[in-house]
Amino acid sequence: MLDAATAYLQPGTVTRARGDTMPRFSMAQTLSTAVPQVFEYLADPRNMPEWNSGVAEVEDRRVPARLGARYRYRFPGRHRFHHLECCAYRSPSLLAFRGERMWTPLGTQTVAYTFRVRAAARGSTVEATVDVRVQGGMLLLLPVITLGWRRDLPVDLKRLRDTLDPAAADQPAAAWRGYVEPGTPRPLRAEQPAARTEVHRVPARLEPGGRVGPEAA
């Protein structure tokens, strides 16, 4: 059975450097699946469209996961493919992918995904972190981007859990860790009980059917 994780929210911070804004969103999910199986699933980016709302499509070509490995993927709302690079790989505990910079008339946006996997009493715990860097006029959309990730990341982690633990589909969702300071290591910690938080639906992003960000190219 899945360890029930308590959903909670924490205040967030946003840092800026040289015209960039780099919010970071982080959540943890406990699974009944063993660490090696979880890491193997996450290490194949072709699985990401099954649960990650930030990845619409990955080219159907097997590329073994390793530091520097590159994949072709499509960001929601974009017609063209961009590169997704493995920028951290330490089996079976650490994995990270960084998307190629995407351009829009308003500015640029770059998204990176980091996964930390560790053993838990009844399986494993996955901490998923999303780093978003926006520049130029995209700063104006930061509140919408933030709202979108705060809405979608809990759903994404629940979808990951349901994929790896089908029998646990009716269990509570992931634990929300809020923002963390960019560039500062965030160690995994046990879930801390707090008030339950409902996730309310919010208006769709500016691009119909896709994540707010660069317009279709």
- [ ] Being touching a helix residue (DSSP H, G or I) at 6+ places or on another chain (Cβ under 8 Å) and surrounded by fewer than 17 Cβ atoms within 10 Å (Cβ to Cβ) is the filter; apply it to the stretch 48-58 and report the residue that is nearest to Asp162 (Cα to Cα).
- [x] Glu50
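When you check Leu9 against the structure, is it of a type in the set (A, V, I, L, M, F, W, C), loosely packed, with under 15 Cβ neighbours inside 10 Å, over 19 Å from Val134 (Cβ atoms) and at pLDDT 95 or above, yes or no? Walk me through it before giving the result.
Numbers: of a type in the set (A, V, I, L, M, F, W, C): yes; loosely packed, with under 15 Cβ neighbours inside 10 Å: yes; over 19 Å from Val134 (Cβ atoms): yes; at pLDDT 95 or above: no.
No: the conditions fail for Leu9.
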TODO: Exactly one condition in (1) of a type in the set (S, T, N, Q); (2) in a loop (DSSP other than H, G, I, E, B); (3) at pLDDT 85 or above is not met by Asn47; state its number.
DONE: (2)
- [ ] Could you check, for the stretch 77-89, whether at least one of its residues is charged (D, E, K, R) and assigned to a strand (DSSP E or B)?
- [x] yes
Open item on the list: Just to be sure I understand, how many residues within the stretch 111-153 are surrounded by fewer than 20 Cβ atoms within 10 Å (Cβ to Cβ), farther than 20 Å from Ser32 by Cα and in contact with a helix residue (DSSP H, G or I) (Cβ under 7 Å, 6 or more places away or on another chain)?
Closed with: 1
TODO: Test Arg133 against the stated conditions and say whether it is at pLDDT 55 or above, part of a strand (DSSP E or B), farther than 26 Å from Arg80 by Cβ and out of contact with any Phe, Trp or Tyr (no Cβ under 7 Å at 6 or more places or on another chain).
DONE: no
Task: Neighbours by Cβ (under 8 Å, 6+ apart or cross-chain): first from the stretch 71-86, modelled with pLDDT under 85; second in a strand (DSSP E or B) and not small (Gly, Ala, Ser) - done: Arg78/Met102
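The values are calculated or read from the model by the stated rules, or taken from the named source; none is laboratory data. None of these values were measured; they are calculated from a predicted model. Positions of Cβ are backbone-derived with ideal geometry, glycine not excepted, and every protein chain shown enters the neighbour counts.
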